[in-house]
1. Answer with yes or no whether Gly180 is of a type in the set (Gly, Ala, Ser) and in contact with a Ser or Thr (Cβ under 7 Å, 6 or more places away or on another chain).
2. Search the stretch 181-194 for residues being in a loop (DSSP other than H, G, I, E, B) and in contact (Cβ under 8 Å) with a residue 40 or more places away in the chain, and hand back the single one that is farthest from Ala277 (Cα to Cα).
3. Helices (runs of 4 or more DSSP H) wholly in the stretch 80-180 with at least 1 residues that are under 19 Å from the mean Cα position of the chain (by Cα) and surrounded by fewer than 20 Cβ atoms within 10 Å (Cβ to Cβ) - which ones?
4. Which residues, taken from the stretch 185-232, are under 18 Å from Trp161 (Cα atoms), crowded, with 18+ Cβ neighbours inside 10 Å and more than 23 Å from the chain's Cα centre (by Cα)?
5. Out of the residues in the stretch 106-123 that are in contact (Cβ under 8 Å) with a residue 24 or more places away in the chain and not β-branched (Val, Ile, Thr), state the one that is nearest to Gly159 (Cα to Cα).
Amino acid sequence: MKLSRKQSAFLTETIDSWEKSGTLSKDTANILRESYETTAFDWKKLAKYSFWAALVCIIIAFTALIADELLINLLAKFFSLPAYLLSTLFTILAAIFYYVGIKRREQKPANIYSNESIFFIGILLTGVAVTYFGIALEIEESYYSILILTSTIIYGTLGIWFPSKLIWIFSLLSLGTWFGTQTGYISGWGAYFLGMNYPLRFVLFGALLVGLSFFMMKYERLQILQKSTYIIGLLYLFISLWLLSIFGNYGEINSWYDAKQIELFHWGLLFGLVAIAAIIYGLKYHDYTSRSFGITFLFINLYTKYFEFFWNGIHKAIFFAILAISLWYIGTRAEKIWNLEYLKSNLKSSEGNSNEN
């Protein structure tokens, strides 16, 4: 097992301490020390960040290119082509990138980040192709939700067909954009849809995605995409609950200004109860994702209410002193819990290796 220098130093110090105290015998301590090695560099992280940087550089390079006068004229001529032709060209380009990504993934499955980067370019080209398709059909601005739904269907189909977690995530983000746009259009771009403002709508949307993720476990082809759906659903759910706890179900800023804190209390309570439910579920079923979301957003809820209730009523020095102490305490407790969980997982791994030998 390969560990970073920090992880290796912590584990070595712990084993030495246990050996000195008699908790571990000398032979067992030596077996544990031989079960891991220190890596000089984290090449996986370097690969991930390098590909992210490469994509950013591609965008910057493209921006620099279009700033050139000669290229501006060439691009102007290119983009002056009929919209249906541009849509076709970008569709072909997207298909090429998808094809290359699939073939490369078959040939080099270990190159996760470079393969996903190729898919990412295909995703961007698909979005451009759909946009020009809408221009070709002369779709009115108020009906843009149809184009967003088209993108969602394309991304969703490709994400399941390949399958690709990245493309599937874009389909879920596009689905959320369509949901917000469509409900806004149906309500005449008013504040409410069926009596719900945007945060409350997306609470229901996030809950539906979480429910869908459990349903996906029943189908083998969808299982690879289940975790992505689960995480995106929880993000929609908890971020919307957080906004709901701040703004309530108010659609106008003046109504929110006039509201008292006690009138928003039940939304904060709902937010806290959902977070606690997520923690309990995570502990009961050993669901790390649910537990992490629950703990994180429970603290966000508590600190949000802390700011809401005490920002104006307490001296700022005392306010931030209390905040600093509480954050320091959380940090030290989190570090201790992480160390214990990390050590526990390594011991289980070492015991498994010993049994195999």
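Coordinate-derived values only; no laboratory data. Only a predicted model underlies this, so the values are computations on that prediction, with no experimental measurement involved. Backbone-built Cβ (ideal geometry, glycine too); neighbour counts: all protein chains shown.
1. When the stated conditions are applied, Gly180 does not pass them.
2. The qualifying residue farthest from Ala277 (Cα to Cα) is Gly190.
3. Hits in the stretch 80-180: 112-136, 144-161.
4. Within the stretch 185-232, no residue meets the criteria.
5. In this case the residue turns out to be Phe119.
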